[in-house]
Every structure is written in structure tokens, then in C-alpha cells.
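Encoded as C-alpha cells, the structure appears first; notes follow it.
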Amino acid sequence: MVKGTGGRWLVVTLAASAVLTSGCTDSVDTEELPGVYRNDATGSEILLESDGTFSATDVSTGSLSGPADFSGRWEFVDSSSSSDFIYLTVDDGLGKTAGIQLYTSGRGTVEFRAPDKPPSLVLTRVAAP
């Protein structure tokens, strides 16, 4: 009986820690999202405008695609069931209308990533030119 009680307390403690930890993640201030994000190693750059438009230069989101320039509209998606992300509606530059998810990964950092995989491209906010 003591062993079972201790096991239950461990589960309760771990569950409480998970809830507290998930509550400690930085919330995203959507007014701080507009700006220039760059990866100096690849030269990739994304400009998120405050009017909800974006432009991307030399962006490659996977090993099968070469660098591309594209543009369109962006919106922040505050997801209660998964990670928050910026949804890019691409309507120029990829040859068709498409959508791409750009994940916020901390203050001043965004990344392209497939589910359950490491980021394929990380961009850091830089001062506007």
C-alpha cells in the first residue's frame, strides 16, 4: 500500500510540474512580431509587415527545395492544441497559392519545422535596415 501511495504522489507531482511548466512558456505579443528575421548562414530573410503582408528572400524549408523568393499575407495562430505559429499564405513566388507554418520559438526567433522534426531553418530578428 505504501508503494502504491508513493507512486500516486509521483504521478501527481509530475502532472503538476507539467502543468506549471506549460504555463511558464512565453506568450507571444503579436504587436512585436512584425520585423525582419534573418539566418546569416544561409542568407534567408523574412520580412513580416505590420499590415499583415510578408516577403521572403532566399528561403529553403527543406533539402528537396532550393532557395526561393515568395510573398503573401501572414497571421498569428494562437493554438490551444499545439504550438502557436505564424501562418504564411503564399500567393506569389512558388507557382501556386500555398500555406506555410512558421513557428515562434522564443523572443525574436522563428523557425520552419515539420511535425516531430528539428527545425529546417531558424531565423532571428534583426534591426531593420
_In region 97-118, the residues that are at pLDDT 85 or above and assigned to a loop (DSSP other than H, G, I, E, B)_ = G108
*List pairs: first in region 73-84 and farther than 12 Å from T104 by Cα and among the basic types (K, R), second open to solvent by less than 70 Å² (accessible area, probe 1.4 Å) and in a loop (DSSP other than H, G, I, E, B), Cβ under 8 Å, 6+ apart or cross-chain?*
R73/G52
*Can you pull out the residues in region 71-87 that are within 14 Å of the chain's Cα centre (by Cα), surrounded by fewer than 17 Cβ atoms within 10 Å (Cβ to Cβ) and farther than 13 Å from D29 by Cα?*
S79, S82, S83, Y87
_Regarding region 88-96, can at least one residue be identified that is under 16 Å from T30 (Cβ atoms), part of a loop (DSSP other than H, G, I, E, B), modelled with pLDDT under 80 and open to solvent by 60 Å² or more (accessible area, probe 1.4 Å)?_
no
*Given the conditions (1) at pLDDT below 55; (2) under 26 Å from D116 (Cα atoms), and given that G7 satisfies all but one, which numbered condition is not satisfied?*
(2)
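The values are calculated or read from the model by the stated rules, or taken from the named source; none is laboratory data. The structure displayed is predicted, hence computed values, not measured ones. Positions of Cβ are generated from backbone atoms using ideal geometry, with glycine treated the same way; all protein chains shown enter the neighbour counts. With ligands, DNA and RNA removed, areas are computed over all heavy atoms of the protein, side chains included. Shrake-Rupley method; radii C 1.70, N 1.55, O 1.52, S 1.80 Å.
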